[in-house]
Structure formats: C-alpha cells, structure tokens
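To start, the structure under review is shown below, and the notes come after it.
The values are calculated or read from the model by the stated rules, or taken from the named source; none is laboratory data. Remember, predicted model here, so these are calculated numbers, not experimental data. Don't worry about glycine lacking a Cβ; one is built from the backbone with ideal geometry, like all the others, and counts go over all protein chains shown.
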Amino acid sequence: MNQPTFETTRLIVRPRTLADTDACMEMDRDPEVTRFIPGPWSESGPHRLFTEQRTRGPYAPGLGYWSVAARDRPEEFLGWVSLIPYDAVGPRIEMGWRFRRGVWGGGYATEAAAPLIRHGLATLGLDEIIADIDPDNAASLRVAAKHGFQLRSTKLKPEYTTGYYGLTRAEWTG
C-alpha cells in the first residue's frame, strides 16, 4: 500500500514529495514554528538533508509524511502531517504536524490529523499512535486532546522535556 491522499471538508492531504522541500524549509525558518522542536532549522545544508531524508523514508507501506493544502488553493503549502516510526526508527508509530504560522488557529492541524488517525488505527491496524509534544506547546496539546490522545509519560531529554501522548485503537472514537 502506498500513501493515500485524503480530502477533508477544507483540505487536501497528499503524500509529501521532494518538490515540497523548499516550502517545508521556508516554514521551518520561522523560529516560532520550530520553537518547541530541536533541529537543524537555521543551517541550510543540514536542514535540507534532514527534510529530504524524512520525506524519502524508507517507511513501511502506508506510513510517511503528507503535505497539506486548502482544497480551494491546492498549490499553496499550509504545512504537513506525518505518521512515521518514532524518531524515524520505531518501533512505535508517531504522529506529527507542523503548519505555517500564518494559518495557525484555523483548525488545519486538527482537521488534517483526523484522516491520518483513521488510516493508522483502522486501515493499517496500528494498536496505538503516539505524539511527542513539548509540555509548553499549548497549540499541539490542544490538537492531541481533540483527538483523544492521553499523556502516557514525561521524559527529560538533554535539550528539552517532552510528553508522550498516546491514542489506542480501543480509546479512539473516530
């Protein structure tokens, strides 16, 4: 199974390709967008390499990154959502989302995450999807809560603290 494309009321959620690299990098250059996410965002070469590696995978069938656009503006990159092995190695499957600051507050992350959760739990038969969220990232915490993710544990990492949130197939109400 390749990555499917999803359409919601307002969005097109399609598999991310290398053609999306520049848009991803432009989004990540906004320090507010990457405030809670350590990475090579200010270094062009490592940032491009990281983004392209994450786009390519390899991932198991049905997993990967998806780019998000508005249905009425399909050429405009709003952000991305993902369903990949945790830290790209697994074995747990992690969901992530990142959107341009100009579209924050519009409900796009919540709307784009819904078909990926359904895909992961119902279609792929995953037992659980996790989300790794900084406890100070109120917006991401709201997205996770709207979908029923529950705090499983908190971990101090060398560069930051993170909360591990999970949603099992049994907990999912979708």
Determine whether the stretch 42-49 contains at least one residue that is in contact with a helix residue (DSSP H, G or I) (Cβ under 7 Å, 6 or more places away or on another chain), part of a loop (DSSP other than H, G, I, E, B) and among the charged types (D, E, K, R). no
Looking for whichever is of a type in the set (A, V, I, L, M, F, W, C), surrounded by 14 or more Cβ atoms within 10 Å (Cβ to Cβ) and not in a loop (DSSP other than H, G, I, E, B) here; the options are 126, 116. Which one fits? 116
Pairs only if they're at least six apart or on different chains, beta carbon under 7 angstrom, first in the stretch 24-38 and within 18 Å of residue 141 (Cβ to Cβ), second at pLDDT 95 or above and surrounded by fewer than 16 Cβ atoms within 10 Å (Cβ to Cβ); list them, first residue then second. 32/101; 33/101
Here is a check on your reading of the model: is residue 136 out of contact with any helix residue (DSSP H, G or I) (no Cβ under 9 Å at 6 or more places or on another chain), modelled with pLDDT under 95 and in a helix (DSSP H, G or I)? no
Could you list, in sequence order, all residues of the stretch 6-20 that are among the β-branched types (Val, Ile, Thr) and farther than 14 Å from residue 79 by Cβ? 9, 17
